[in-house]
Amino acid sequence: MTTQEYFQPRSLDEAVDLLEAYSPEILVIAGGTIAVPLINQGVSRPTKVMSLRRAGLDYIARSNGGYAIGAATTLTSMVEQTEISILSEAAHAVGGWSIRNMGTVGGNLFAPPPAGDFAVALLALDAKLEVASKLGTKSISLDEFYIGFLAYDLAPDELVTEIYIPAPTGKTAYTKFGRRHANTPAVVTVAARVVEDGGKVEDARLALNAVGPHPMRAKRAEQALIGNRMDADTIQHVARIAAEECEPFTDAIASADYRRRMVEVFVRRTLEKIAG
């Protein structure tokens, strides 16, 4: 154990001050479900750790017609909320009850693949992140936040404080496929949102996880949906495109080839849920 100092700021201002003073050496955690085991195993050796548990970032509130979720809000809290069903489904798909009781919405954004089952639902909802530093606050699209494997558009002295979701429109569906029925790493996770007008798709979001370096949108597949009817031929065509544009990897759970084939299967099934 190399950790020498542990901080529990009681406000966002205090947290930002600590981050400015000690970054990049300080490790920021909330639930610690990913970071703490790595510290205990000696894989991660931070000299300073800051927990956001008491920084006032645990909340779900309506805001400007949408929803604001504090970065330290637990996944259990998201399971229990009923206003956005896809978020409840996605939170329930993360680990077991003990992980959900500790794990947070903000922390799940940084989970390495194949983890990150909640972030993929946020992508389908066009979520934006509120980021704070000593220079002030800014907003960034979650779609632009991910820039590579364990790489984010976030400076060392910046802190993700809130996730904002615009008022949801259209129909949504969420599917996670793993080797077991519960508490299982994903082979592929799919989150979709489709807005229809006059029987044709007006707008679409199709997000994937566990098949790339980070949760990602299948943008070519989204474009293939727009302007078309949600019939069997369109859905199959879109599923094939999603399978082509994902970037699967091989690990102990599944091969890259198997993941790609499962993308086509589970994108189709997810869109079929929306089509009814």
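Have a look at ALA15, ALA55 and point out the one that is within 22 Å of GLU130 (Cα to Cα), in a loop (DSSP other than H, G, I, E, B) and of a type outside the set (Lys, Arg).
Of the residues listed, the single one that is within 22 Å of GLU130 (Cα to Cα), in a loop (DSSP other than H, G, I, E, B) and of a type outside the set (Lys, Arg) is ALA55.
Filtering the stretch 88-100 down to residues that are of a type outside the set (Phe, Trp, Tyr) and without any contact (Cβ under 8 Å) to a residue 40 or more places away in the chain, which residue is farthest from SER63 (Cα to Cα)? Steps first, please.
Keep residues of the stretch 88-100 that are of a type outside the set (Phe, Trp, Tyr), which gives 88-96, 98-100.
With without any contact (Cβ under 8 Å) to a residue 40 or more places away in the chain added as a condition, the list becomes 88, 91-92, 94, 98, 100.
Details: SER88: 19, ALA91: 21, HIS92: 24, VAL94: 26, SER98: 30, ARG100: 25 Å.
Taking the candidates together, the pick is SER98.
What about ALA68, is it in a loop (DSSP other than H, G, I, E, B), at pLDDT 95 or above, in the same structural domain as ILE140 (by TED's automatic domain parsing) and over 12 Å from the mean Cα position of the chain (by Cα)?
no
Would you mention how many residues in the stretch 132-165 are charged (D, E, K, R) and under 11 Å from the mean Cα position of the chain (by Cα)?
The number of residues fulfilling the criteria is 1.
Output the number of the condition that VAL211 fails; it satisfies all remaining conditions of (1) among the hydrophobic types (A, V, I, L, M, F, W, C); (2) in a loop (DSSP other than H, G, I, E, B); (3) surrounded by fewer than 21 Cβ atoms within 10 Å (Cβ to Cβ).
(3)
Can you pull out every residue in the stretch 72-86 that is crowded, with 22+ Cβ neighbours inside 10 Å and either assigned to a loop (DSSP other than H, G, I, E, B) or out of contact with any strand residue (DSSP E or B) (no Cβ under 8 Å at 6 or more places or on another chain) (or both)?
ALA72, THR73
Conditions: (1) crowded, with 20+ Cβ neighbours inside 10 Å; (2) in a strand (DSSP E or B). ILE147 meets all but one. Number of the miss?
(1) is the only condition that ILE147 fails.
Can you name the residue in the stretch 230-246 that is among the charged types (D, E, K, R) and touching a helix residue (DSSP H, G or I) at 6+ places or on another chain (Cβ under 9 Å) and, of all such residues, is surrounded by the fewest Cβ atoms within 10 Å (Cβ to Cβ)?
Step one: of the stretch 230-246, the residues among the charged types (D, E, K, R) are 231, 233, 240, 244-245.
So of that shortlist, the ones also touching a helix residue (DSSP H, G or I) at 6+ places or on another chain (Cβ under 9 Å) come out as 231, 240, 244-245.
On the way: ASP231: 11, ARG240: 16, GLU244: 13, GLU245: 17.
Ranking the qualifying residues of the stretch 230-246, first place goes to ASP231.
With the requirement that a residue be outside any helix (DSSP H, G or I) and either modelled with pLDDT of 90 or more or on the phi < 0 side of the Ramachandran plot (or both), what does the stretch 101-126 give you?
Residues satisfying the conditions are GLY103, THR104, LEU109, PHE110, ALA111, PRO112, PRO113, PRO114, ALA115, LEU125, ASP126.
Hey, among LEU27, LEU129, which residue is part of a strand (DSSP E or B), under 16 Å from the mean Cα position of the chain (by Cα) and more than 25 Å from ASN183 (Cβ to Cβ)?
Details: LEU27 fails: under 16 Å from the mean Cα position of the chain (by Cα).
On inspection, the qualifying residue turns out to be LEU129.
Among the residues of the stretch 199-254, which ones are more than 19 Å from LEU150 (Cα to Cα) and touching a Phe, Trp or Tyr at 6+ places or on another chain (Cβ under 9 Å)?
ALA239
For the stretch 235-269, give me the residue count where each residue is assigned to a helix (DSSP H, G or I), touching a residue at least 12 places away in the same chain (Cβ under 8 Å) and not acidic (Asp, Glu).
Number satisfying all stated conditions: 20.
Give the residues of the stretch 217-262 that are of a type in the set (Ser, Thr, Tyr) and more than 20 Å from PRO185 (Cα to Cα), sorted by residue number.
THR234, the sole residue that qualifies.
Does ASP157 meet the test of being in contact with a Lys or Arg (Cβ under 8 Å, 6 or more places away or on another chain), more than 22 Å from ALA91 (Cα to Cα) and of a type in the set (D, E, K, R)?
yes
The values are calculated or read from the model by the stated rules, or taken from the named source; none is laboratory data. Since this is a predicted model, take the numbers as computed values, not measurements. Because the Cβ atoms are built from the backbone with ideal geometry, glycine has one as well, and the counts that use them run over all protein chains shown.
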